[in-house]
Structure formats: structure tokens, C-alpha cells
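No value in this document is a laboratory result; all are computed from the given coordinates. Since we're looking at a predicted model, the values are computed, not measured. In this analysis, Cβ positions are derived from the backbone assuming ideal geometry, glycine residues included, and neighbour counts consider all displayed protein chains.
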2 protein chains.
Amino acid sequence: MSRVYNFSAGPAALPEEVLRQAAEEMLEWRDAGCGVMEMSHRGRHFTSIIERAEADLRALLALPREYKVLFLQGGGTQQFSQVPMNLLAGGSADYLVTGAWSQKAFDIASALAPNMNGAVRLAVSTAESGFRRLPRSDEYTLNPRAAYVHLCTNETIHGVEFMSPEQLPDTAAPLVADMSSHILSRPMEVSRFGMIYAGAQKNIGPSGLAVVIVREDLLDRAWSGTPALMKYRAMADSGSMLNTPPTYSIYIAGLVFQWLLREGGLAEMETRNAAKAKQLYDCIDGSDFYRNEIDPASRSRMNIPFLLADAALEADFLAGAERAGLLQLKGHKSVGGLRASIYNAMPPEGVAALVDYMREFARTRG
Amino acid sequence: MSRVYNFSAGPAALPEEVLRQAAEEMLEWRDAGCGVMEMSHRGRHFTSIIERAEADLRALLALPREYKVLFLQGGGTQQFSQVPMNLLAGGSADYLVTGAWSQKAFDIASALAPNMNGAVRLAVSTAESGFRRLPRSDEYTLNPRAAYVHLCTNETIHGVEFMSPEQLPDTAAPLVADMSSHILSRPMEVSRFGMIYAGAQKNIGPSGLAVVIVREDLLDRAWSGTPALMKYRAMADSGSMLNTPPTYSIYIAGLVFQWLLREGGLAEMETRNAAKAKQLYDCIDGSDFYRNEIDPASRSRMNIPFLLADAALEADFLAGAERAGLLQLKGHKSVGGLRASIYNAMPPEGVAALVDYMREFARTRG
């Protein structure tokens with residue numbers, strides 16, 4: 001086989017240019033005498049790599065100065081514990097539950113809160129809809145004195161996305177958003193959030209890295225029992241080097257940021273991603289054979305779940321797709337069906353090939 | 001420049017064969033249609049990678065069945081918190097402090113213990129010797145009912161190593177050892193330990209990965225406030241896949257394990273490492289210009305700190321070494337001086353080149 005179109009939800013496809021550069025630099029990075037994986041994290045070469053990665057990420061997101069960028073370990077899921085440990089501060093936090101990931105964040109925070117003399121409140125859940133739509137603002141009220149309000153702005157499994165600023169919760173409390181599966185897919189108004197976090201393995205780089213973007217005034221609220229490496233303040237003050245950071249993952253993330261800047265930044269990504277998603281949704285909506293059950297105003301551009309009119313054909317659909325070089329289209333086991341994850345690194349040609357395959361499959365088997 | 005001899009304490013030099021294979025497989029692993037970094041961690045390809053990595057590690061260490069292997073994030077330092085959270089269980093733990101890393105482990109555990117209604121006790125510290133020797137068994141007594149006894153079997157900064165089984169603490173309590181900087185450097189009698197852990201970035205692979213080897217009967221002692229991803233039981237039961245693991249780091253670690261097996265395993269590594277260390281210590285001890293202040297019975301084979309008779313010549317020594325292709329010989333900032341870290345991946349030729357350089361420097365500048 002050669003490289004195919006990889007619709008994995010994560011770890012996900014990376015830009016081929018990034019992988020080529022990484023392969024070329026594996027044995028020696030510039031004139032360092034060794035590869036990036038072998039470099040001291042305190043040396044001048046790696047310092048230049050992490051500093052450029054942060055600067056490029058700041059440029060991409062137009063990050064205001066008062067936000068710190070942390071490169072952490074543990075992926076997005078570790079943040080489900082780390083957020084309440086750092087931000088609950090003996091208060092109460094509101095959680096919006098709009099799919100599997102925000103549900104997990106709520107469950108983990110709920111289990112930890114009593115140890116910290118804090119509380120976690122379910123502000124709203126759309127479980128009764130099968131997580132097929134975002135909550136309307138008149139369905140919930142938020143505690144204006146909440147320590148924070150947590151939400152997942154793109155649900156990777158259920159395929160719902162907070163798209164417009166109007167869909168975001170309106171509150172005086174700091175918004176904390178899990179953006180793992182749509183960060184960098186379009187410009188984001190960061191100043192609406194107290195904190196943003198993302199596991200890297202979708203739009204950023206390899207698994208094993210999480211990016212945390214946190215407003216400075218939120219750094220000093222950590223619970224005393226927080227493990228040493230999990231305190232945002234300590235990580236911010238040490239430039240994410242309280243201990244050896246995941247150096248190679250940060251290097252790859254930096255190459256992805258450079259690629260995004262070369263390609264035109266997040267405005268260009270939004271144009272491309274909107275077009276790719278439209279092409280796929282149009283194919284689904286224009287057919288009696290396929291369906292996506294998500295409320296159109298809540299649909300994700302990154303993760304598009306869909307069903308066949310005849311579920312018994314799923315195995316054939318997947319086998320044929322694999323033969324056509326279209327991989328990882330199986331839906332998450334918790335919801336079944338099919339799913340195409342079309343992150344930044346998925347070229348328009350990949351979506352076009354998927355749509356061609358879907359039309360042909362529906363014509364011959366539908 | 002081309003590839004040089006890299007004496008970094010970590011992240012450290014990796015075998016060139018491993019890096020070449022990684023570069024070749026970057027864009028496509030076997031017939032997977034994508035690279036390892038882009039693979040779903042639940043798919044058959046990555047499953048085969050992590051299963052082989054574990055099997056090879058078990059073979060290298062001759063691991064008894066009752067030990068679980070966990071591939072975790074956070075490096076060795078995260079374990080300084082994770083060990084007491086999982087093993088203290090409201091009891092008291094004894095800590096041996098023999099250098100900077102066991103001191104840090106003790107400090108972090110001490111700060112966390114009160115939150116968990118547990119206690120941490122300093123059984124012995126060799127700080128008064130400047131951490132230049134291991135403690136004698138008649139210098140300390142251990143609590144036979146301790147939840148565990150923690151030690152660091154090789155101190156990367158101070159260069160002391162527990163070499164013989166007789167040097168290990170004699171106790172009925174489970175021994176928990178930080179082996180970050182000498183794991184896989186020689187055969188280890190794992191059954192002496194309740195748990196072993198190691199950050200990967202010395203003898204295993206890239207930073208951002210920690211390997212934990214823990215006896216099954218110790219899995220169920222976790223404190224209720226332990227963050228979800230930090231519970232050994234949950235990680236053991238999920239095959240280290242409670243969330244997305246650091247897939248690429250595990251793949252590289254697996255390539256290192258394969259390389260170790262091809263080279264003859266840990267007995268062969270011990271032969272090579274003993275010879276390399278002897279050559280360097282002989283050079284130091286045979287000269288009035290260099291000195292290593294560690295008690296000979298406590299000396300590390302992996303990390304060899306040394307001093308010049310005239311400290312003012314250190315900068316010249318380092319500059320000349322760099323010109324000769326001998327990198328990262330500066331001592332840790334906390335102790336100063338010089339240090340050569342000579343892990344498995346450092347070939348004998350690298351040590352020979354260092355010794356040649358040292359003799360020539362002493363001859364011309366001593």
C-alpha cells in the first residue's frame with residue numbers, strides 16, 4: 001500500500017510535508033550533531049524549537065498577552081482532573097454536557113470535587129436528545145459565581161460543535177473549553193475563554209501532548225493536594241519545563257504550526273474546512289441512503305458521523321472503503337455507524353474521494 | 001556537522017539503527033497506509049506495536065508474570081506523586097535519599113501525604129557526604145510495616161548507583177525504585193522490588209513516556225482522590241489505554257527493545273557498560289588532573305561526574321570537546337563540574353574518543 005486517506009478521529013493524519021521534514025531531520029537536526037529526540041531539553045537547540053512553537057501558536061490564534069501557553073503531558077483527559085484541581089478552589093463549577101467527552105469531564109470532576117471541598121454541578125445535558133444538538137440558552141441557567149463553566153466545544157464522537165459565538169454560554173464566570181478536536185480549524189475568539197485545552201493528536205501533532213492556554217489570573221487557584229507536575233502556575237513559571245517535557249511531540253507540533261502559517265493560517269483553514277464539510281454533508285443530505293442525525297445548526301465540521309439506510313451493509317461499506325484507500329471510517333463503538341474525521345491535514349481530494357465512493361456505493365448497493 | 005558523540009544525561013543519544021528505521025517508516029509503517037504517529041491507538045497496527053514492545057521488555061528483564069507493565073505519561077517525576085497516591089494507603093512510607101532525584105521524590109511525597117492521611121519518613125540521607133556514597137545498612141533502620149520503601153537506584157546528577165543486591169535495603173516492605181537512568185543497562189533482579197519505574201529519555205526512548213513495572217498485589221491501594229489517569233489499577237486493566245497513550249514514544253521504545261535483543265540483551269549490555277565505565281574511571285583515577293569524588297563502591301556506570309584540578313579550565317575543556325565532536329559534557333547546574341552520561345546507546349568508540357580527548361587536554365593544559 002502507499003499513503004491513503006486516513007479518516008481516523010485521532011491519532012489522526014498529519015500533513016505529509018511535516019512527516020517528510022521530520023524524517024529528514026531524524027538523525028540530525030540542522031547542525032546539532034544529533035536528532036531532536038536526543039537533545040537536552042535545556043540546550044539552545046531545543047530552547048529555540050519550543051520558543052518558536054509557542055510564538056507560532058500565538059500568531060495563529062492571535063493570542064492576547066495575558067494568556068500563557070503550556071505544553072503538558074497526559075492528553076486532554078488528564079485535564080479532566082487537572083482543571084478542577086487548579087480552578088475549583090473550594091467553589092462550585094458548572095458543566096455543560098453535550099456528548100461523550102464533556103460527560104467524561106463532568107464525571108471525573110464530580111469524583112474529585114468532594115476531596116477538595118468543592119462542588120461540580122450539571123448545568124445542562126442534551127443526553128435525552130442522544131447528544132444530537134447543542135442546548136438552547138433558555139434550557140439552562142448558570143451560576144454567575146461559578147469557579148468556571150466547562151464545555152467541550154467539539155464533540156469528537158457525537159459530532160456536535162459550538163460554531164458561532166452566540167452558541168457559547170453567556171456568563172461572567174470563566175469559560176473552560178475542551179477544544180481537542182477542533183482547535184486550529186478556524187479562528188477562535190480566545191478572549192471569550194478563561195482557558196482552552198486540547199489533546200494534540202487531532203489538529204496539533206502526536207498523542208502524548210496537550211496544549212493548555214490559560215489566562216494569567218487563573219494560575220493561582222490550585223488545590224494544595226495537586227500533584228507537583230499538575231499545577232498550572234509551576235508549569236507556566238518554568239516554561240513547561242518543570243520536568244523533561246515531551247520534546248519530540250513539541251517539535252512535531254511546531255512543524256504543524258509552521259505548516260499552518262505557510263498555508264495561510266486559520267482563516268484559510270476555515271475556508272477549506274467549511275468547504276470540505278459542506279461537500280460531505282451535501283452528499284449525506286442529498287441521499288436517501290445516508291443520514292446524519294445531528295441538528296444542522298449543531299453540526300461539527302471536523303467529525304461527521306453518518307448511518308446507512310441498511311445498517312447490515314456497514315461491513316461491506318468499510319471493506320470497500322479500505323480497498324479504495326479510505327481508512328478508519330468506522331464510528332466510535334459507543335455510538336456505532338460510520339464517522340469521517342476531516343481535520344486540517346485531510347486534503348479536499350480526500351473528501352472528494354470519499355464522496356465519490358459513497359455515491360458509487362449507494363448507486364450499486366442502495 | 002554530522003552525528004557526534006552525545007553525552008547528554010537525557011534526553012539522550014539513541015541507537016542510530018533505531019533512528020534510521022524510524023525515519024524510513026515515518027510516512028508509512030509496513031502496509032498500514034500511514035505512519036505510526038497517525039494511527040488509531042485502538043487499531044490492529046498499533047495494537048501489534050504496543051504488544052510487541054511489552055513482550056520484548058518482558059523478555060529483556062525476564063519479568064515474572066505477576067508484574068504488570070504500564071506505559072504512562074509524565075516521565076519519572078510524575079511518579080513522585082503517583083507512587084504515594086497509589087501505594088501509601090493511609091500508612092507510612094520510608095524514603096532513602098541518596099542524591100537530587102530521591103530528594104525530590106521525598107519532598108513531593110512529603111507534601112502530598114498529609115492530604116491522604118498518610119506519612120512519609122526520611123529513613124536515611126547521605127546529604128552530609130555531598131551524596132558521594134550510598135548509605136551503609138547500619139546507618140538506618142526501616143519500618144517493617146512501611147507501605148513501601150522508596151529509593152533511586154541510580155542518581156543521574158550525583159553519579160551513585162546501587163550496584164550489588166547486597167547494597168539494596170533489606171526489608172519485608174515493598175521496595176519501590178526509580179530506575180530512570182540505569183534501567184536496561186544490566187540484568188536486574190526484578191523480584192526484589194514491588195515496583196520499578198523509569199522515565200524513558202535515557203535508556204528507553206523519547207521523553208514523555210514512563211515505564212512502570214508493578215506487582216499485581218499493589219494495584220488496589222490507590223487513594224480515592226487520585227486523578228482518573230493516575231490509578232495503576234485502571235491503567236493495568238486497560239492495557240495503558242485508559243486514554244490515548246503516547247503512541248509514537250511507545251513505538252520508538254519498542255524499536256529500542258528490539259535493538260537490545262538483537263545486540264544480545266542485558267547481559268551483553270552489562271559487559272559493554274562495565275567496560276565503558278571502567279575505561280573512563282581508569283582515565284580519571286589515573287590522572288592528577290581529573291577526579292571523581294564518589295566512593296568507588298557507590299559509583300554509577302551510567303553517569304560519571306568529574307572535576308578538573310583547575311576549575312577555571314572547564315570552559316576551555318567543554319569548547320574543545322565540542323570541537324572534537326564530544327557534546328553535552330557539562331555537569332548539572334546544581335553540582336557544577338563535568339559529567340559524561342554513557343547509556344546503552346553510547347558506543348565504546350565514543351568513550352574511547354572522550355578518553356583520548358581528556359588525556360590530550362591534561363597533557364597540554366594540565
Report summary line: dims of the stretch B:265-365, Cα set, principal axes, largest to smallest, nearest Å -> 41, 29, 26
Report summary line: Here the alpha-carbon Rg of the protein assembly as shown over 2.2 N^0.38 Å rounds to 0.98
Query raised in the report: Listing B:98, B:364 from the residue with the fewest other Cβ atoms within 10 Å to the one with the most, what is the order?
Result: B:364, B:98
Query raised in the report: Which whole-Hz couplings ³J(HN,Hα) result when phi for each residue of the stretch A:345-352 is put into the Karplus expression 6.51 cos²θ - 1.76 cosθ + 1.60, θ = phi - 60°, listed in order with x for Gly and Pro?
Result: 6, 7, x, x, 4, x, 5, 4
**Report entry** Calculated over the stretch B:1-150: convex hull of Cα atoms, volume per residue (Å³)
**Finding:** 199 Å³
Query raised in the report: How many nm is it between the label spots at residue A:190 and residue A:274, if each spot is 7 Å from the Cα in line with the beta carbon?
Result: 2.2 nm
**Report entry** 20 Å Cα-Cα reach of residue A:231 towards aspartates and glutamates, excluding residues that sit fewer than 8 places from it in its own chain
**Finding:** A:54, A:66, A:178, A:216, A:217, A:220, B:107
Requested in this report: Just tell me the longest site-free run in chain B, where the sites are GluC sites (Glu not before Pro) in a DSSP loop having at most 12 other beta-carbon atoms within 10 Å.
Outcome: B:190-366
Query raised in the report: Rounded to a whole number of µm²/s, how large is the Stokes-Einstein D of the stretch A:1-90 at 20 °C and 1.002 mPa s, given Rh as the Kirkwood radius over C-alpha pairs?
Result: 129 µm²/s
Report summary line: Counting only residues 5 or more apart in sequence or on a different chain, those whose built amide H sits under 5 Å from that of residue A:303 are A:342
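Could you state the per residue volume, in Å³, of the convex hull enclosing the Cα atoms of chain A? Write down the numbers at each step before the final one.
Details: hull volume 48.1 nm³, N = 366.
Each residue corresponds to 132 Å³ of Cα convex hull volume.
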Report summary line: Between the alpha carbon centres of the stretch B:212-279 and the stretch A:130-155 the gap in Å comes to 40 Å
**Report entry** Computed over the stretch A:162-262, the ratio Rg/Rh where both radii use C-alpha atoms and Rh is Kirkwood
**Finding:** 0.98
**Report entry** Sparsely packed trypsin sites (Lys or Arg not before Pro) within the stretch A:110-203, loop by DSSP, other Cβ within 10 Å at most 15
**Finding:** A:136, A:145
**Report entry** Computed helical MRE - 222 nm, the protein assembly as shown, DSSP H runs ≥ 4 contributing -39500 (n - 2.57), nearest 500
**Finding:** -11000 deg cm²/dmol
**Report entry** Sites residue B:313 and residue A:217 - FRET efficiency at Förster radius 56 Å, r taken between beta-carbons, to 0.05
**Finding:** 0.70
Report task. Take the alpha carbon atoms of the stretch A:305-366, find their center, do the same for the stretch A:1-56, and report the distance between the two centers in whole angstrom. Result -> 30 Å
Query - Ascending count of other beta-carbon atoms within 10 Å, so fewest first, for A:220, B:288 - result: B:288, A:220
Query raised in the report: When only C-alpha pairs under 8 Å and at least 6 residues apart count, what is the relative contact order of the stretch B:265-365, in percent?
Result: 30 percent
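Taking loop as defined by DSSP and a crowding limit of 15 other beta carbons within 10 Å, which chymotrypsin sites (Phe, Trp or Tyr not before Pro) in the stretch B:114-153 fit?
On the way: sites: B:131, B:140, B:148; in loops: B:131, B:140, B:148.
The qualifying sites are B:140.
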Query - Distance (nanometres) between label positions extended 7 Å along Cα→Cβ at residue A:224 and residue A:261 - result: 4.4 nm
**Report entry** Straight-distance crosslink candidates among lysines, where the alpha carbon sits under 26 Å from residue A:330 and sequence neighbours closer than 8 are dropped
**Finding:** A:104, A:202, A:276, A:278
Query raised in the report: Percent relative contact order of chain A, based on C-alpha pairs within less than 8 angstrom and at least six residues apart?
Result: 23 percent
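Would you mind ranking A:332, A:150 so that the residue whose beta carbon has the fewest other beta carbons within 10 Å leads the list?
Ranked by crowding around the Cβ, least crowded first: A:332, A:150.
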